[in-house]
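The values are calculated or read from the model by the stated rules, or taken from the named source; none is laboratory data. Everything numeric here is computed off the predicted structure, so don't read it as measured data. Quick reminder, even Gly has a Cβ in these numbers, built from the backbone with ideal geometry, and neighbours come from all protein chains shown. When the accessible area is computed, the model is the full protein with side chains, heavy atoms only, and any ligands, DNA or RNA have been set aside. Shrake-Rupley method; radii C 1.70, N 1.55, O 1.52, S 1.80 Å.
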Amino acid sequence: QVQLVEPGGGLVQAGGSLRLSCVASGRSFVNYAMGWFRQAPGKEREFVAATTWSGDSTTADSVKGRFTISRDNAKNTVYLQMSSLKPEDTANYSCVVDPRPRLRVGDTPRYWGQGTQVTVSS
């Protein structure tokens, strides 16, 4: 059974930085895509970023230049480094894993973490 555990959310001031991490377990994730989605109150869930096994990444335009996704395959872990945070980045962030090698905007990943709250104060 695939499990995704996401420590690392919290409260941060606007302009600050935060790093999210997600550890996957339960099977081999070779050639699986890993990524992050988020959902703010009253808004639809949106794609944030994803990375392939080899580290090729895709990032949403809304966070490009501020957020960086990376992964450590030896640890089955994906990270989201968030910088220059804005109040509009406040959301519940969910880690995702999918058997497809690459996730694109519009894809629905197979496995989801429980989510971690990120709150950015102005």
Report summary line: Between the modelled labels at V2 and S25 (7 Å from Cα along Cα→Cβ) the distance in nm is 1.7 nm
Requested in this report: In whole Hz, with x marking every Gly and Pro, tabulate ³J(HN,Hα) for region 49-66 from phi via Karplus 6.51 cos²θ - 1.76 cosθ + 1.60, θ = phi - 60°.
Outcome: 6, 8, 9, 7, 4, 7, x, 6, 10, 10, 10, 5, 4, 5, 10, 4, x, 10
Requested in this report: With label points built 7 Å along Cα→Cβ from the Cα atoms of A60 and R104, find their separation and express it in nm.
Outcome: 1.8 nm
Requested in this report: From zero up to wherever the largest Cα-Cα distance of the chain sits, split into 5 Å bins and tell me the percent of pairs in each.
Outcome: 2, 13, 24, 26, 20, 10, 4, 1, 0
Query raised in the report: Between C22 and residues 5 or more places away or on another chain, which pairs have amide H atoms under 5 Å apart, with H built 1.01 Å from N, and which residues are they?
Result: V78
Query raised in the report: When ligands, DNA and RNA are left out and all protein chains stay put, how many square angstrom of accessible area per residue does region 30-122 have with a 1.4 Å probe?
Result: 50 Å²
Query raised in the report: How about K75: which lysines have a C-alpha closer than 28 Å to its C-alpha, ignoring those fewer than 8 places off in the same chain?
Result: K64
**Report entry** Cut-off under 5 Å, modelled amide H: who pairs with T90 long-range
**Finding:** V120
Report summary line: Excluding ligands, DNA and RNA, the carbon-plus-sulfur percentage of the accessible area of the chain with a 1.4 Å probe reads 45 percent
Report summary line: In debye to the nearest 20, the charge dipole size for region 16-122, taken about the Cα centre with +1 at each Lys and Arg Cβ and -1 at each Asp and Glu Cβ, equals 160 debye
Report task. Would you work out which of P109, A49, S84 lies farthest towards the positive end of the dipole of region 48-110? Charges go on Cβ: Lys and Arg +1, Asp and Glu -1. Result -> P109
Report task. Would you pull out the residues with amide H under 5 Å of Y111's amide H, same chain only if 5 or more places away, H placed 1.01 Å from N? Result -> V97
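In percent, what relative contact order does region 5-71 have, based on Cα pairs under 8 Å that are 6 or more apart in sequence? Kindly include the intermediate steps, with their values, before the conclusion.
Working: 79 pairs, mean separation 14.1, N = 67.
Relative contact order here is 21 percent.
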**Report entry** Over region 1-56 - Rg/Rh using Cα atoms and the Kirkwood inverse-distance radius
**Finding:** 1.01
